[in-house]
Amino acid sequence: MPRLPVVSDVMNWLQNEDVATWLGDQGNVLWGNIVLPVVIAAGLYFTIRTGAVQLRLLPNMLKTLTDKALVDENGNKKSISAFQAFTISAASRVGVGNIAGVATAIAVGGAGAVFWMWTMAFIGGASSFVESTLGQLYKRQGKDGYRGGPAYYMQHGLGARWLGIIFAIILVVTFPFAFSSLQANTITATITGAVGLDATADAAQITTLSWVIGVALAVLTALVVFGGVRRIAKVTESLVPAMAVLYIVLGIVVVSMNIGQLPHVFGMIYSEAFNFNSAIGGGLGMVLLTGVKRGMFSNEAGLGSAPNAGATASVTHPVKQGLVQTLGVYFDTFIVCTVTAFIILHTVPDAVGSEGGVAITQLGLANALGSWTGTLLAVIIFLLAFSSVIGNYYYGEANIGFITSNPTVMTVYRLLASLAVLGGAVAASSVVWNFADGIMGIMALLNLVAIILLSPKALALLKHYTAQLRDGKDPVFLASDMPGLRGIECWEPSDVRTQ
Amino acid sequence: MLGAIGRAHAVTLRRNNRASASSPGQLPELPGALRVARWWWVVLGLVFAGFAGKLLLDEFSAQRNATTLLFAGLLCAAGIAVAFLASGLWRTDRRARSHLTWLGLILALPLFLRFGRYSLLALLVLVGVLLLWTPSSIKYFRALHRR
């Protein structure tokens, strides 16, 4: 029986290089002309206005991790502690972006892209601080704890529910659909790479394998999101920190084995950040753009996703969660992304200009430690990526909940989120990456505009926090401390009770 | 416009609340579509398992191909899952409909898109999904949810 025409069209669209090129071109226009200037300007503005909070309060970021969990009137824990919030956000950040994303950045933008990733992590640290502080300030008390995020501060801080709804819709398209597709795509690429199939000779087998992996991933996702088997999500999430540590250890081993090359690698990163490498098309602008895009995909600074998770934590001052999330950005980029960059730059001399994202990292590890690392990397990526798929689903669920509580809408969303994983597994990686980049730019733009408008509140909170620090106190914020603030629901004495 | 969506949503919620408050809790008789769906899904489970068995037999008598074996394994797993979830329809499990719906759609899409010669099987799966969502089935499951 022939395939249905509409279904064949969808199939062709997902695997068409022309579609990938069109998406890439539109994304570059959006990023080059609008998103990139706004991301840099907002980051620099927040850095200046906060007095470089991301550097100045670095010791306090570490100290905040030791804060005890808050308790209710019966002495029971109200929510997760600051350290738990840090590990959860770090685990959700560490994923495909740190392994495949960095490889793609080096392939497209050269070693210099790594310098721009670092720079944007530092500048974006200030944006991350502001968005997560605002996420805490405007959080709401839900049935199972706190909830919040950009949609909430747009509604309650800016008084623009309509903007919150638009943001929530874009987040749903970005995270559970675009980013989850990307995670599934990378899992498929890693597994096909690990089993040693050749892209040209075994094309038919790779396609069949992609479908089989896609169906398996979609079924696993559906089992979790339809509420049947939450244990899968719990097991995956509990393994993620161990996988992240294992990956960092692998990277340290590779760097140690090639320690003599380290000065050369640093030299490449700094010199190529400003000097045009002939292997890269598009010049310095492309190096910068690639570094910023891949950096943002990985650390999510200013994107508007971290405040959704950060708002669920229970802390005594909103600034504390801002600091914890900034530390998360540093951990993600300066440690995990750097590990990937060093693995590749030490072991794959012709990575720049080559094709294939995660395959470059696989090749790097195989060159240094042997082919057995292909299977290990496949396991690590599977767990990191699948936990991100589940995390992305919950981001989407929270934002759908902001828009409507209609159960039919939620059922349709669950179904589409599962099918997005299937689609991502079988689509061409260029289509998926370019679509994700474009939609991520729109999401970041909306969030950055909102946090720029609300930044006076975050700055006032920072002043309140530092004043208490100067007096030698453990900072505590109550809504009554700033009576002029509107739209605040939490931050009563019962919300900041410590053990 | 978005304000209108919010108001419409509030009206829907109130209507749902009224409906659940006035429900007598009496489960209606099993509709014909669901009677058919019960058997339909059991047969589908067997068909999936049958296809898997045939593929495995063909493979063992010819040169072994890892991806075909994987595909056969997937069909076999699908058959077991469909049969297990179909048993939920017999036990009037409220979640059986949503589980069979997502599983049916996830299985039908690849059969259409990649494995063209299994398109008929995909169509049968989609008919099975539709049987779960006929007006009478929706009414039945709504009553089941209220109990």
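The values are calculated or read from the model by the stated rules, or taken from the named source; none is laboratory data. Note that the coordinates shown come from a computational prediction; the quantities given were computed from them, not determined experimentally. So basically every Cβ, Gly included, is an ideal-geometry build from the backbone, and we count neighbours across all protein chains shown. The accessibility values were calculated without ligands, DNA or RNA, using every heavy atom of the protein model including side chains. Shrake-Rupley method; radii C 1.70, N 1.55, O 1.52, S 1.80 Å.
Between chain B and chain A, roughly 2700 Å² of accessible surface gets buried, counting both sides and using a 1.4 Å probe. Charge dipole (Cα centre; +1 on Lys/Arg Cβ, -1 on Asp/Glu Cβ; no other charges) of the range A:13-496 amounts to roughly 1260 debye. Projecting the Cα atoms of A:I166, A:Q183, A:G145 onto the dipole axis of chain A, where Lys and Arg carry +1 and Asp and Glu carry -1 at the beta carbon, places A:G145 farthest toward the positive end. Contact order for chain A, expressed relative to its length and based on alpha carbon pairs under 8 Å spaced 6+ residues apart, stands at 36 percent.
Secondary-structure-derived ellipticity at 222 nm for the protein assembly as shown, considering helices only, amounts to -24000 deg cm²/dmol, per-run term -39500 (n - 2.57) for DSSP H runs with n ≥ 4. Remark: mean inter-chain Cβ contacts per residue of B:92-102 equal 3, using a 10 Å Cβ-Cβ cutoff to other protein chain atoms.
Counting protein heavy atoms only, chain A has 64 percent of its accessible area on carbon and sulfur, 1.4 angstrom probe. With each label modelled as a point 7 angstrom along the Cα→C-beta vector, the A:Y270-A:S256 pair spans 2.6 nm. In this label model, A:Q26 and A:I48 are separated by 3.5 nm, measuring between points 7 Å along each Cα→Cβ vector. Taken over the alpha carbons of chain A as equal point scatterers, the Debye sum produces base-10 log I(q)/I(0) values at 0.07, 0.13 Å⁻¹ of -0.35, -1.25. When only the Cβ of Lys, Arg, Asp and Glu is charged (+1, +1, -1, -1), the dipole of the range B:32-146 relative to its Cα centre reaches about 560 debye. Using R₀ = 30 Å, calculate the FRET efficiency as 1/(1 + (r/R₀)^6) where r is the Cβ-Cβ separation of B:D93 and A:W13; round to 0.05. Efficiency for this residue pair is about 0.20. Compared with the dominant principal axis of the Cα atoms in chain A, helix A:161-172 is inclined by about 30°. Treating r as the C-beta distance of A:A467 and A:V379 and R0 as 60 Å, the FRET efficiency rounds to 0.75. One Cα centroid belongs to the range A:394-449, the other to the range B:122-136; the line between them spans 27 Å.
At a probe radius of 1.4 angstrom, the accessible area of the protein assembly as shown per residue rounds to 41 square angstrom. Inter-chain neighbour count for A:210-222: the average number of beta-carbon atoms from partner chains within 10 Å of each residue's beta-carbon is 5. Averaged over the residues of peptide A:400-406, the number of Cβ atoms from other protein chains lying within 10 Å of each residue's Cβ is 3.
The convex hull of the Cα atoms of the range B:32-146, projected and averaged over all directions, covers 6.9 nm².
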